[in-house]
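Q: One structure, pasted below without further comment.
The values are calculated or read from the model by the stated rules, or taken from the named source; none is laboratory data. Keep in mind that this is a model prediction, so the values were computed, not measured. Cβ placement follows ideal geometry from the backbone for every residue including glycine, while neighbour counts extend to all protein chains displayed.
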Amino acid sequence: MATTAETEIESRTVSAALRRAILEDGSSVSDLAIRAGVEQGVINRYLRGDGLPLSAVDGLAQALGLELVPAVPPPLRAEPTLADLARMIAEAGRRLR
């Protein structure tokens, strides 16, 4: 049996976030499969606990509007670059959604 700490870590994995997003999307598996370009069976097996090819992860993430971002941003230099400022603005926008 998993401990509370193990369960908490598992709930923060990419695969757990993807499963939650699929379940919370509200679309049928058929509709999601079409949007993601993935076979229905692949999604059904994934929801039952099987693995998922990276190509399917990419398609599902795009269809669900998901993006992989670092949990902790890298430390900023003394003076932020334009790339740093653009990243900070993008991250702030995602948090506001």
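Q: Using the structure shown, decide if Ala56 is without any contact (Cβ under 8 Å) to a residue 12 or more places away in the chain, part of a helix (DSSP H, G or I), surrounded by 14 or more Cβ atoms within 10 Å (Cβ to Cβ) and outside the structural domain of Arg94 (by TED's automatic domain parsing).
A: Considered against the rule, which asks whether it is without any contact (Cβ under 8 Å) to a residue 12 or more places away in the chain, part of a helix (DSSP H, G or I), surrounded by 14 or more Cβ atoms within 10 Å (Cβ to Cβ) and outside the structural domain of Arg94 (by TED's automatic domain parsing), Ala56 comes out as no.
Q: Next up: Residue under question is Leu66, and the condition is that it be surrounded by 10 or more Cβ atoms within 10 Å (Cβ to Cβ) and closer than 15 Å to Ile22 by Cα; does it hold?
A: yes
Q: I'm trying to understand the selection: among the residues of region 25-41, which are assigned to a loop (DSSP other than H, G, I, E, B) and free of Cβ contacts under 8 Å to residues at least 12 places away in the same chain?
A: Gly26, Ser27, Ser28, Glu39
Q: A follow-up question, please. Going residue by residue through region 71-81, is there one that turns out to be on the phi > 0 side of the Ramachandran plot and surrounded by fewer than 11 Cβ atoms within 10 Å (Cβ to Cβ)?
A: No, the conditions are met nowhere in region 71-81.
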